Amino acid sequence: MTVTAPQPTTASRRAVFPFTAVIGQGDMKLALLLNVIDPRIGGVMIMGDRGTGKSTTIRALADLLPEIEVVADDPFSRSPQDLDVQQERPGQTLPVARKKVPMVDLPLGATEDRVCGTIDIEKALAEGVKAFEPGLLAKANRGILYVDEVNLLDDHLVDVLLDSAASGWNTVEREGISIRHPAQFVLVGSGNPEEGELRPQLLDRFGMHAEIRTVKDPELRVQIVEQRSDFDQDPQTYLANHQTEQDALQQRLVEAQMRLPSVTLDHDYRVKISQVCSELDVDGLRGDIVTNRAAKALAAYEGRTEVVLDDIRRVIALCLRHRLRKDPLESIDTGYKVEKVFSQVFGVSLDAEEMAANGRQPAAVG
């Protein structure tokens, strides 16, 4: 498989801060990478303080990914190997192009028609025919759909996004026209808990939940500020200095995607994952499924074809912490409850120092 590395910058494309230069925020970066390796995980909800690099990191991830091959004139960016495209154009030579992975920002004020698509009024008036005008879900196919301040988005729009992300399809019924098109994307939501939380029913639909906090270490804060200043002053040089790391990570992601189908998870581990979910009283089976998928994706990312205990330990809090809340007024667990039950079920000891470093402490502490 040929991998096309992202170019440092061009006159027509805005320079993007490199993903490999983002300091700290390990949970957020890990969750994003695992969803790229296996989009079936179901997306990421990132909650944290203002100014902690949420949007910067998400855009950096989209820029990092290799270019994809698409049918040049297709509004859904479908692959030339897509069976639907081949059936629509039997015997035709498809025009092929390469493009960056789509990164679509969904504005808070977007209407359902803008998101899902609607009737092309201009064509209807000019030509007297009913035609479909694709929406943001069509543009996001095979890419990343990013919703900043998702906790402020109307619940019915969040439902639409989550349904499409889960099924991989978007169905539009408008004025006698029924359109169904692929909408396979990684859904990434971000927000500030001070501005409100998503309802537990909607939170559960996100595959993973990462909570990030403002860096407290003064030395690290200075390093972050200097990195950003260097990038702003000379983006081309800064990107060139990180190109080797970017290329290496890009290649690692491609190899992980290829390795993923052959990764296995021991039956005993699967049983214990479900036991953790049961003891935490997690509703439904999404927690079990997502934890299994995330552990496999991490094993593939680490270059292995078999899940080990450490893979499960690293992902289980990210997959389950947001599924524990029963009352909308409760705060989301830091991960302490999840890791405590994990340690009991799997028979391992809690690493207090590591948990403190990750901010996973009992709610009563502090």
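The values are calculated or read from the model by the stated rules, or taken from the named source; none is laboratory data. Worth saying up front: this structure is predicted, and the values here are computed from it rather than measured. FYI the Cβ positions are ideal-geometry reconstructions off the backbone, even for glycines, and counts take in every protein chain you see.
For segment 289-317, the candidate set comprises residues that are closer than 13 Å to Phe342 by Cα and surrounded by fewer than 23 Cβ atoms within 10 Å (Cβ to Cβ); within that set, the residue that is farthest from the chain's Cα centre (by Cα) is Leu309. Might you let me know whether segment 345-360 holds any residue that is β-branched (Val, Ile, Thr), modelled with pLDDT of 85 or more and surrounded by 13 or more Cβ atoms within 10 Å (Cβ to Cβ)? The answer is yes, given that some residue of segment 345-360 is β-branched (Val, Ile, Thr), modelled with pLDDT of 85 or more and surrounded by 13 or more Cβ atoms within 10 Å (Cβ to Cβ).
Number of residues in segment 171-209 that are at pLDDT 85 or above and assigned to a loop (DSSP other than H, G, I, E, B) equals 4. Report whether or not Leu298 is among the aliphatic types (A, V, I, L, M) and modelled with pLDDT of 95 or more. Judged against the criteria, Leu298 is a match.
Determine whether Ile37 is crowded, with 19+ Cβ neighbours inside 10 Å, within 18 Å of Asn192 (Cα to Cα) and either in the same structural domain as Pro218 (by TED's automatic domain parsing) or not aromatic (Phe, Trp, Tyr) (or both). For Ile37, the condition - crowded, with 19+ Cβ neighbours inside 10 Å, within 18 Å of Asn192 (Cα to Cα) and either in the same structural domain as Pro218 (by TED's automatic domain parsing) or not aromatic (Phe, Trp, Tyr) (or both) - is not met.
Glu122 meets each of the listed conditions (1) part of a helix (DSSP H, G or I); (2) touching a Ser or Thr at 6+ places or on another chain (Cβ under 7 Å); (3) modelled with pLDDT under 90 apart from (2). The residues of segment 70-115 that are in contact with a Ser or Thr (Cβ under 8 Å, 6 or more places away or on another chain) and surrounded by 14 or more Cβ atoms within 10 Å (Cβ to Cβ), listed by number, are Val70, Val71, Val85, Pro102. For segment 159-170, the count of residues that are part of a strand (DSSP E or B), touching a residue at least 40 places away in the same chain (Cβ under 8 Å) and touching a Lys or Arg at 6+ places or on another chain (Cβ under 9 Å) is nonzero. Does Arg142 count as exposed (fewer than 14 other Cβ atoms within 10 Å of the Cβ) and either out of contact with any His (no Cβ under 6 Å at 6 or more places or on another chain) or over 27 Å from Ile316 (Cβ atoms) (or both)? No, not satisfied. Counting only residues that are of a type in the set (Val, Ile, Thr) and assigned to a helix (DSSP H, G or I), segment 210-225 holds 3 of them.
Here is a check on your reading of the model: is Thr52 over 18 Å from Ala317 (Cα atoms), modelled with pLDDT under 80 and touching a strand residue (DSSP E or B) at 6+ places or on another chain (Cβ under 8 Å)? Against the criterion (over 18 Å from Ala317 (Cα atoms), modelled with pLDDT under 80 and touching a strand residue (DSSP E or B) at 6+ places or on another chain (Cβ under 8 Å)), Thr52 does not qualify.
Is segment 120-137 home to any residue that is exposed (fewer than 13 other Cβ atoms within 10 Å of the Cβ) and under 30 Å from Asn292 (Cβ atoms)? Quick ask: steps written out before the conclusion?
In the first step, residues of segment 120-137 are kept if they are exposed (fewer than 13 other Cβ atoms within 10 Å of the Cβ); the result is 121-122, 125-129.
With under 30 Å from Asn292 (Cβ atoms) added as a condition, the list becomes none.
No, because not a single residue in segment 120-137 is exposed (fewer than 13 other Cβ atoms within 10 Å of the Cβ) and under 30 Å from Asn292 (Cβ atoms).
Reported count of residues in segment 80-106, each being within 17 Å of Ala138 (Cα to Cα) and part of a strand (DSSP E or B), is 4.
In segment 267-281, the residues that are of a type in the set (S, T, N, Q) form Cβ pairs under 8 Å with partners that are assigned to a helix (DSSP H, G or I) and surrounded by fewer than 20 Cβ atoms within 10 Å (Cβ to Cβ), at six or more places apart or across chains, as follows: Ser274/Asp288; Gln275/Val345.
Considering every residue within segment 51-73, establish whether at least one is touching a helix residue (DSSP H, G or I) at 6+ places or on another chain (Cβ under 6 Å) and over 22 Å from Phe17 (Cβ atoms). Yes, because at least one residue in segment 51-73 is touching a helix residue (DSSP H, G or I) at 6+ places or on another chain (Cβ under 6 Å) and over 22 Å from Phe17 (Cβ atoms).
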